[in-house]
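Input: a single structure, listed below in structure tokens.
The values are calculated or read from the model by the stated rules, or taken from the named source; none is laboratory data. Being a predicted model, the structure only gives us computed values, none of them experimental. Glycine also receives a Cβ, built like all others from the backbone with ideal geometry; neighbour counts cover every protein chain displayed. For the accessible areas, the whole protein counts, side chains as well, though only heavy atoms, and no ligand, DNA or RNA atoms are used. Shrake-Rupley method; radii C 1.70, N 1.55, O 1.52, S 1.80 Å.
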Amino acid sequence: MKNSFKVEHRLGYRIFGRILAIALICGVIISTVQVILDAGRVSKDLDSQAGQTISMVRDAATQAVFSIDSELAQQVVDGLFAMDAVHIAAITHPDGEVLGARNRPLQQTPFRPMTDPIFDADRTYRVPLVRDDTADTVYGYLEVHYDTVPAARTWLDRATVTFASGIATALILGLVLYFVFHLLLTRPLLRIVHSVKAVDPEYPDDRLVTLPAGHERDELGLWVNATNNLLVAIADTQKRHRDAEDRVSRLSRYDQLTGLPSRDTFMDQLARDIQETETRKGVLSLMVCGIDDFKSVNEQCGFRSGDLILQTVADRLTGQLGSSRFTIARLGSDQFVIVEKGLKDGFQAADTAERVLACVGRPMMVEDQHVAMTATIGVALFPSDANKADRLLQSAEQTMTLAKQSGNDHFQFYVASIDQEIRDRRQLERDLSQALANKEFHLVYQPQISLESRRVIGAEALIRWEHPTRGLVPPDDFIPVAEANGTIVEIGQWVLEQACWQAARWADQGSPLRIAVNLSAVQIRQASIVTDILDTLHRHDIPAGRLELEVTETSFMTNLSDAVAKLHRLNKAGINIAVDDFGTGYSSLTYLKQMPVQHLKIDKQFIRDLLVNEDDTRIANTIIDLGKSLNLSVVAEGVETAEQEYYLTQRGCKLAQGYFFSKPLLPSDFERFVETFHEQLVENNV
Ligand code: C2E
Ligand code: CA
Ligand code: CA
């Protein structure tokens, strides 16, 4: 509602107008009726007055005509003229002869045209003049003409007064009514309107509508009450809405479990912190702290314990890093983020990272159990590592992920090369997924030599990737990637297929060699692995004894009984099992005893420093002895020199493989190698 609303639209003004019009009309009607009645009365008065006057002079007039006394007649006539209203007076004989007469003109007044139609211009009275004794003899006539003006004037004066008083009454009544209305209705209405305008739409019950005094029990009172009830109800609904909104926003802004800010809230705060650091030209550190092995804790001890651990870590972090320089938030399941501003350089961030590690590392009691947790931290710095909030967080997250790959319970700073490493790895993953279809893989074969007979008794199949742009990619670079994203399953099957095909060809050519194929831990975890391998052998029509599978100790650590069962089935079918890289892992006898194993492969790192490094020599010796006592033949891998070969032969190692004999070779080169190697042997013997 606008403040300046027009006067003619106001209720009071309109009421006043209507009342006045009605009062005036009533006043006019009543006055008119009064005036009309008055006119009737005046008219009658006129007649009766004339009657009286005439009856007063009638006898004298009769005497005059009876005695034909014109003087007397004239006297009578003149007498009549003493009255203003008489206009013509005449006494005549019955034959019309005038005995006495007089006249004067009608009075000229401006209102004549109005009053003449009401009262006529003049009124004529003619009475026969008779004597009482001879009533039927008419002696003459008295004729008097009255001018109506004098009577009309008094009537008119009265009519004016009547009208004036009628209108005045109407006016007064109208005004009084207007004031009554104004006091009882329009003024309290306006006050209510003002009061309604003052209501705050945000908080309608803060200032309710005030009721003007004296209206508590009337319609206005009812209206104001109803309005106020409505306002209170609206305010109540609004409050409930606000509460609900608050709850929702609290839920989304804070992590329910730890009470720390959630990711979105944190990102807003981080953007502000970065801006502040930018203007102050300082350094800000962002560390992403991931609890190590949290998933397995969750699985082993249950989610409740997991939650308790997270709460404890959150409490410790907020207790330890309480000052306003720090912002702490929870990013995801087991990840916290800590921002520290106001740093002079990156080294200060290392202090904080150490404090955080110590904080997480303190043993905690979770459901009556002592639990020791560790964490791994990735640190990124503003402005040196990234200048935007999301990039900074991403860099720290990447750094943490990478740091976890190289162990637990430590922190690592972001370096631009890590970023590049991650990008390269992504690209490698994409290329790898296409490599099989593009036929970019092939196999090479490294001869395995019997140190006793000095004959080639088999070959290890090793994969090669000819990348279209990068050239030859070493398996150590792509096998871990393929294992991480699962493509190793397909690739491994292709290797097996290819190796079996090759073994079948060589057998056809008259040299039935044993082929060793590397089997990844991921492959062993596949449910169908046993049947897949047996089917492949069957398809290529190869006796199981001609296949050897190289597995590492780490392959069966995740699910020992499952791996053992599968290897047993394969071994029962006749397939040989070799433990690859033996000596680098746990080299646990307990595992080894459960395993259906025929060969131990001493890792090339021990052979490399054989006779140079005492420790390595001792390890190699131990493995050879272990093989003897467990009745397993030992394969030495990475034999590069004649000294190594000699020592191993002396020490009783049965088989060897290495550059000293041959690098891994393409099939045709391999065939040629076998030929010349055996020819040499024959020559030597000769
Ligand atoms: P590995 O199974 O221990 O294979 C032996 C590695 O040592 C091969 O490297 C071989 O070329 C190398 N080698 C052999 N003799 C010598 C030597 O005298 N001196 C030196 N310095 N090295 C020697 P390669 O071919 O690069 O393979 C590396 C690793 O990649 C393998 O280690 C194996 O774990 C994995 N790998 C290779 N092919 C396959 C495959 O088809 N499937 C799976 N799952 N893994 C494979
Ligand atoms: Ca191997
Ligand atoms: Ca090896």
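In contact with a Leu (Cβ under 9 Å, 6 or more places away or on another chain) and either open to solvent by 60 Å² or more (accessible area, probe 1.4 Å) or within 30 Å of H215 (Cα to Cα) (or both): which single residue out of F111, F181, F119, F163 fits that description? Talk me through it step by step, then tell me what you get.
Working: F111 fails: either open to solvent by 60 Å² or more (accessible area, probe 1.4 Å) or within 30 Å of H215 (Cα to Cα) (or both); F119 fails: either open to solvent by 60 Å² or more (accessible area, probe 1.4 Å) or within 30 Å of H215 (Cα to Cα) (or both); F163 fails: in contact with a Leu (Cβ under 9 Å, 6 or more places away or on another chain).
Selected residue: F181, the only one of F111, F181, F119, F163 that is in contact with a Leu (Cβ under 9 Å, 6 or more places away or on another chain) and either open to solvent by 60 Å² or more (accessible area, probe 1.4 Å) or within 30 Å of H215 (Cα to Cα) (or both).
Any chance you could count how many residues in region 322-363 are under 20 Å from L257 (Cβ atoms), more than 32 Å from the chain's Cα centre (by Cα) and at pLDDT below 90?
0
I'm trying to understand the selection: among the residues of region 652-667, which are open to solvent by 60 Å² or more (accessible area, probe 1.4 Å) and more than 15 Å from ligand 1 (Cβ to nearest atom)?
Answer for region 652-667, where residues must be open to solvent by 60 Å² or more (accessible area, probe 1.4 Å) and more than 15 Å from ligand 1 (Cβ to nearest atom): just K654.
Taking the conditions exactly as written (part of a loop (DSSP other than H, G, I, E, B) and away from ligand 3 (no atom under 15 Å from the Cβ)), does V612 satisfy them or not?
So V612 passes the test.
Filter region 631-643 down to residues that are more than 17 Å from P447 (Cα to Cα) and out of contact with any strand residue (DSSP E or B) (no Cβ under 7 Å at 6 or more places or on another chain) and give me whichever is farthest from ligand 1 (Cβ to nearest atom).
Only one residue fits best here, namely N631.
Do you know which of the residues in region 499-511 that are crowded, with 19+ Cβ neighbours inside 10 Å and more than 13 Å from F670 (Cα to Cα) is farthest from the chain's Cα centre (by Cα)?
Within region 499-511, the match that is farthest from the chain's Cα centre (by Cα) is C500.
Give the residue that is most open to solvent (accessible area, probe 1.4 Å), with candidates limited to residues of region 638-651 that are away from ligand 2 (no atom under 16 Å from the Cβ) and in contact with a helix residue (DSSP H, G or I) (Cβ under 9 Å, 6 or more places away or on another chain).
E640
When you check T109 against the structure, is it part of a loop (DSSP other than H, G, I, E, B), touching a residue at least 12 places away in the same chain (Cβ under 8 Å) and farther than 30 Å from N225 by Cβ, yes or no?
Yes: the conditions hold for T109.
Out of the residues in region 526-560 that are open to solvent by 10 Å² or more (accessible area, probe 1.4 Å), closer than 21 Å to F582 by Cβ and outside any strand (DSSP E or B), which is nearest to ligand 1 (Cβ to nearest atom)?
Residue satisfying both the conditions and the ranking: T554.
Hey, among T162, T169, T134, T210, which residue is touching a helix residue (DSSP H, G or I) at 6+ places or on another chain (Cβ under 7 Å) and outside any helix (DSSP H, G or I)? First the steps, then the outcome.
Numbers: T162 fails: outside any helix (DSSP H, G or I); T169 fails: outside any helix (DSSP H, G or I); T134 fails: touching a helix residue (DSSP H, G or I) at 6+ places or on another chain (Cβ under 7 Å).
Among T162, T169, T134, T210, only T210 is touching a helix residue (DSSP H, G or I) at 6+ places or on another chain (Cβ under 7 Å) and outside any helix (DSSP H, G or I).
Go through region 393-430 and report how many residues are farther than 23 Å from D351 by Cα and at pLDDT 85 or above.
Count: 4.
Checking the structure you have, find out if any residue of region 460-480 is within 16 Å of ligand 2 (Cβ to nearest atom), part of a helix (DSSP H, G or I) and hydrophobic (A, V, I, L, M, F, W, C).
Yes, region 460-480 has at least one match.
Please count how many residues of region 589-630 are open to solvent by 80 Å² or more (accessible area, probe 1.4 Å), within 16 Å of ligand 1 (Cβ to nearest atom) and among the β-branched types (V, I, T).
Within region 589-630, residues that are open to solvent by 80 Å² or more (accessible area, probe 1.4 Å), within 16 Å of ligand 1 (Cβ to nearest atom) and among the β-branched types (V, I, T) number 1.
Does region 481-498 hold any residues that are within 16 Å of ligand 2 (Cβ to nearest atom) and touching a helix residue (DSSP H, G or I) at 6+ places or on another chain (Cβ under 9 Å), and which are they?
If we filter region 481-498 for residues that are within 16 Å of ligand 2 (Cβ to nearest atom), which is where we start, we get 482-483, 488, 491-492, 495-496, 498.
Hits for region 481-498 are A482, E483, I488, I491, G492, L496.
Sort through I338, I309 and tell me the only one that's closer than 18 Å to F411 by Cα, assigned by TED's automatic domain parsing to the domain that holds A389 and surrounded by 19 or more Cβ atoms within 10 Å (Cβ to Cβ). Give the derivation first.
Working: I309 fails: closer than 18 Å to F411 by Cα.
Just a single option satisfies the conditions, and that option is I338.
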